[in-house]
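The values are calculated or read from the model by the stated rules, or taken from the named source; none is laboratory data. This is a predicted model, so every value here is computed, not measured. Virtual Cβ from ideal backbone geometry, glycine too; neighbours counted across all protein chains shown. For the accessible areas, the whole protein counts, side chains as well, though only heavy atoms, and no ligand, DNA or RNA atoms are used. Shrake-Rupley method; radii C 1.70, N 1.55, O 1.52, S 1.80 Å.
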Amino acid sequence: MKATLAILTIGVVPVSEVLPLLTEHISAQQITHHSLLGTLSREEVMEDYAPEPGEAQLPTLLSDGELGNVSLPKIACALQGVIEVLDNQGYEVILLMSTAPITGLVARNAILLEPTRIIPPLVGSIVDGHQVGVLVPIPELMENQSRKWQCLVKAPLLAVANPFWDSEEKLIDAGRDLLARGADVLMLDCLGFHQHHRDLLQKHLDVPVLLSNVLVARLASELLV
């Protein structure tokens, strides 16, 4: 059977939560997952992707369950190489599931979906002039998130809540803080956030909540009809 969709991730990303959105239209056997670093040990990752002095760094969840800072340009170069391989293998859609600030990736034949390029203008068109509050997993990503959402009419409000390590109470408190500061729409912009996190916030805070991975997965699913 021809493989239709390739999901490409950088570090350890739980893709099982978005698979039901994709398998509405195609069989799970037509979807493959390729992780650049997820199957490597920390030592193997750092041997090839450790940042050089002055290089931009990307915090990524590694196979030992801890974050590691890797070189952003090295990751971008490696991703382009994997995309070229997947493109040559005949995949129709390549879905890059990453919120990393990586641009310039290309595929010659496949449709390449990059959340960083697609999601901000999509969310901007959905929320219009509403005040967006973005939940960010770690403080190190705050500056990047401010740049990422520059297309919004109003500059986003930011708060930190980690889907892997923080309790539900801390997630709710972070969302409540954003609402108190003026947000009327919440955005969960980390691939570790899933629909149960969205449901939790909507139940306790009674506010619209958007999930970046659900938005891009639904877009991918429409392309696979």
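Selection within segment 1-29: residues that are surrounded by 13 or more Cβ atoms within 10 Å (Cβ to Cβ) and without any contact (Cβ under 8 Å) to a residue 60 or more places away in the chain. The member of this set that is nearest to residue 114 (Cα to Cα) is 11.
In segment 127-144, how many residues are in a helix (DSSP H, G or I) and surrounded by 15 or more Cβ atoms within 10 Å (Cβ to Cβ)? Steps first, please.
Quick first cut of segment 127-144, residues in a helix (DSSP H, G or I) only: 127, 139-144.
Next, only the ones that are surrounded by 15 or more Cβ atoms within 10 Å (Cβ to Cβ) stay: 127, 141, 144.
Residues that pass the stated criteria total 3.
The test for being β-branched (Val, Ile, Thr) and over 26 Å from residue 79 (Cβ atoms) holds for residue 172. Quick one: would you say residue 78 is closer than 14 Å to residue 8 by Cβ and touching a strand residue (DSSP E or B) at 6+ places or on another chain (Cβ under 6 Å)? For residue 78, the condition - closer than 14 Å to residue 8 by Cβ and touching a strand residue (DSSP E or B) at 6+ places or on another chain (Cβ under 6 Å) - is not met. Taking the criterion of being in contact (Cβ under 8 Å) with a residue 24 or more places away in the chain and farther than 15 Å from residue 99 by Cα, the residues of segment 68-79 that qualify are 68, 74, 78.
Let's see how each residue does on (1) of a type in the set (A, V, I, L, M, F, W, C); (2) at pLDDT 90 or above:
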| position | (1), (2) |
| --- | --- |
| 114 | no, no |
| 135 | yes, yes |
| 138 | yes, no |
| 141 | yes, no |
| 159 | yes, yes |
| 164 | yes, no |
| 171 | yes, yes |
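Summed over segment 175-196, residues that are open to solvent by 10 Å² or more (accessible area, probe 1.4 Å) and part of a helix (DSSP H, G or I) total 6. The single condition among (1) closer than 23 Å to residue 61 by Cα; (2) within 18 Å of the chain's Cα centre (by Cα) that residue 123 does not meet is (1).
In segment 6-43, what count of residues is obtained for those that are among the β-branched types (Val, Ile, Thr), under 22 Å from residue 105 (Cβ atoms) and assigned to a loop (DSSP other than H, G, I, E, B)? Give the steps one after another, and end with the answer.
First pass over segment 6-43, keeping only residues among the β-branched types (Val, Ile, Thr): 7, 9-10, 12-13, 15, 18, 23, 26, 31-32, 39.
Remaining after also requiring under 22 Å from residue 105 (Cβ atoms): 7, 9-10, 12-13, 15, 18, 31-32, 39.
Now restrict to residues that are assigned to a loop (DSSP other than H, G, I, E, B): 10, 12-13, 18, 39.
The qualifying residues number 5.
If the condition is being open to solvent by less than 50 Å² (accessible area, probe 1.4 Å), in contact with a Leu (Cβ under 9 Å, 6 or more places away or on another chain) and assigned to a loop (DSSP other than H, G, I, E, B), then segment 56-67 contributes only 62.
Taking the options 108, 117, name whichever one is among the charged types (D, E, K, R), surrounded by fewer than 18 Cβ atoms within 10 Å (Cβ to Cβ), more than 15 Å from residue 210 (Cα to Cα) and within 15 Å of the chain's Cα centre (by Cα). Before the answer, list the steps.
Details: 108 fails: within 15 Å of the chain's Cα centre (by Cα).
The match here is 117.
Within segment 109-126, how many residues turn out to be assigned to a helix (DSSP H, G or I) and in contact (Cβ under 8 Å) with a residue 60 or more places away in the chain?
Counting residues in segment 109-126 that are assigned to a helix (DSSP H, G or I) and in contact (Cβ under 8 Å) with a residue 60 or more places away in the chain gives 6.
Here segment 145-174 is the region considered, the condition is being farther than 21 Å from residue 214 by Cβ and of a type in the set (S, T, N, Q), and the residue that is surrounded by the most Cβ atoms within 10 Å (Cβ to Cβ) is 146.
The residue that is modelled with the highest pLDDT, among those in segment 68-101 that are buried (at least 20 other Cβ atoms within 10 Å of the Cβ) and assigned to a loop (DSSP other than H, G, I, E, B), is 91.
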